[in-house]
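Colleague: For reference, the structure I am asking about is given below.
The numbers here are math on the coordinates, done by the rules we state, and not lab data. Quick caveat: nothing in here was measured; it's all calculated off a predicted structure. Here the Cβ positions follow ideal geometry from the backbone for every residue, glycine too, while neighbour counts run over all protein chains shown.
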Amino acid sequence: HLTTSEAMPYIVWIAAMNDYIATNNGYGTTGDLTKSWATLEMMIPTVQDYFWGGEPSAQYADEFEVPEKYPAPGDANNTATDPLYSQWKNYGTSEGLYLIHWLA
């Protein structure tokens, strides 16, 4: 989540500033904005309906203080239904679930 929602927009912004400076001041080369935008778009998954139908559920996974304990195993016995799924899915566009699911 941090990569797509925080770091990539920053990288796209830096690329845009680089292209602006290169275009207006003659320093360096242009085209970084196009490349960074394409990279950002490749990170966004395609729309896929949930294959099991109905409301999607989520598993619980512990969080740890140290990276060595990751990936955390999921607990298939501890699941819940997302009560906001139908609202998120229809928010804005068909891609709305991916674009704002981290707010839930």
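Colleague: Gain in length, Gln87 to Lys35, computed as 0.36 nm per residue apart minus the alpha-carbon separation, to one decimal in nm?
Modeller: Full extension from Gln87 to Lys35 adds 15.4 nm.
Colleague: So if R0 is 30 Å, what FRET efficiency would Met43 and Met17 give, r being the distance between their Cβ atoms, rounded to the nearest 0.05?
Modeller: After rounding, the FRET efficiency stands at 0.90.
Colleague: Could you list Tyr20, Tyr27 in order of exposure, starting from the residue whose Cβ has the fewest other Cβ atoms within 10 Å?
Modeller: Fewest-to-most ranking of Tyr20, Tyr27: Tyr27, Tyr20.
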